[in-house]
Amino acid sequence: MEPTQNPSNRQVLVVEDEHFISELYVRALTRAGYRVTVEVDGQRGLELAKTDRFDIILLDLMVPTITGIEVLRALRSPNAKPLKAKIVITTNLEQREEIRADIEKQADAYLVKAEITPRELVEFLHTIK
């Protein structure tokens, strides 16, 4: 799989409140050359995302203060300033089909954390344009 861009030029925002998972992501992404910022809080993650400094946002659905779904809806709202970032939902929650379909329409990708290793995550992010 050929990278679409040099990872060292790419900024990733990880909105994830599970310390163990965010550490796995940070290690794998940093090793692959990405520059990574982690935020555990949904509201602060939303504010960081709005700065438009990031190329990729890894957004967990279950984070404190506001949920990842609320963050996604705020970022994809017709009133929101368009972002250059691709938004990748990361979750272990089982979603009803219609809820998942709605989330997938707004996000650029949807990953189940239990089904992807940090290495596979890096490989996947390399393919995002």
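The values are calculated or read from the model by the stated rules, or taken from the named source; none is laboratory data. Quick caveat, the model's predicted, so the values are computed rather than measured. A quick note on method: Cβ atoms are made from the backbone with ideal geometry, for glycine too, and the neighbour counts reach across all protein chains shown.
Here is a yes/no grid of residues against (1) among the basic types (Lys, Arg); (2) crowded, with 20+ Cβ neighbours inside 10 Å; (3) under 22 Å from Phe124 (Cβ atoms):
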position: Asp17; (1), (2), (3): no, no, yes
position: Val26; (1), (2), (3): no, no, yes
position: Gly33; (1), (2), (3): no, no, yes
position: Thr37; (1), (2), (3): no, no, yes
position: Val40; (1), (2), (3): no, no, no
position: Leu61; (1), (2), (3): no, yes, yes
position: Thr65; (1), (2), (3): no, no, no
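Which members of the stretch 37-66 meet the condition of being part of a helix (DSSP H, G or I) and under 21 Å from Glu18 (Cβ atoms)?
First, pick out the residues of the stretch 37-66 that are part of a helix (DSSP H, G or I): 42-50.
Once the filter is applied, which keeps residues that are part of a helix (DSSP H, G or I) and under 21 Å from Glu18 (Cβ atoms), the stretch 37-66 yields Gly42, Gln43, Arg44, Gly45, Leu46, Glu47, Leu48, Ala49.
The single condition among (1) at pLDDT 95 or above; (2) crowded, with 17+ Cβ neighbours inside 10 Å that Lys113 does not satisfy is (1).
Could you grab me the full set of residues in the stretch 93-129 that are outside any helix (DSSP H, G or I), over 19 Å from Gly45 (Cα atoms) and not acidic (Asp, Glu)? Write out each step before concluding.
Start the filter on the stretch 93-129 by keeping residues that are outside any helix (DSSP H, G or I), which leaves 93-96, 107-112, 116-117, 128-129.
Checking which are over 19 Å from Gly45 (Cα atoms) leaves us with 93-96, 112, 116-117, 128-129.
Within the stretch 93-129, Leu93, Gln95, Arg96, Val112, Ile116, Thr117, Ile128, Lys129 meet the criteria.
Sort out which residues of the stretch 23-43 are within 14 Å of the chain's Cα centre (by Cα) and more than 10 Å from Pro118 (Cβ to Cβ), and write them in order of number. Result: Tyr34, Arg35, Val36, Thr37, Val38, Glu39, Val40, Asp41, Gly42.
Quick one: which of Gln106, Gln95 is closer than 28 Å to Asn9 by Cβ, out of contact with any strand residue (DSSP E or B) (no Cβ under 7 Å at 6 or more places or on another chain), surrounded by 14 or more Cβ atoms within 10 Å (Cβ to Cβ) and polar (S, T, N, Q)? Let's see the steps before the verdict.
Values: Gln95 fails: closer than 28 Å to Asn9 by Cβ.
Only one candidate passes the filter, namely Gln106.
Of the numbered criteria (1) touching a strand residue (DSSP E or B) at 6+ places or on another chain (Cβ under 9 Å); (2) over 23 Å from Asp102 (Cβ atoms); (3) modelled with pLDDT of 95 or more, the one Leu58 fails is (2). Anything in the stretch 67-92 that is part of a loop (DSSP other than H, G, I, E, B), surrounded by fewer than 17 Cβ atoms within 10 Å (Cβ to Cβ) and under 14 Å from the mean Cα position of the chain (by Cα)? List them, or say none. Result: Thr67, Lys84, Asn92.
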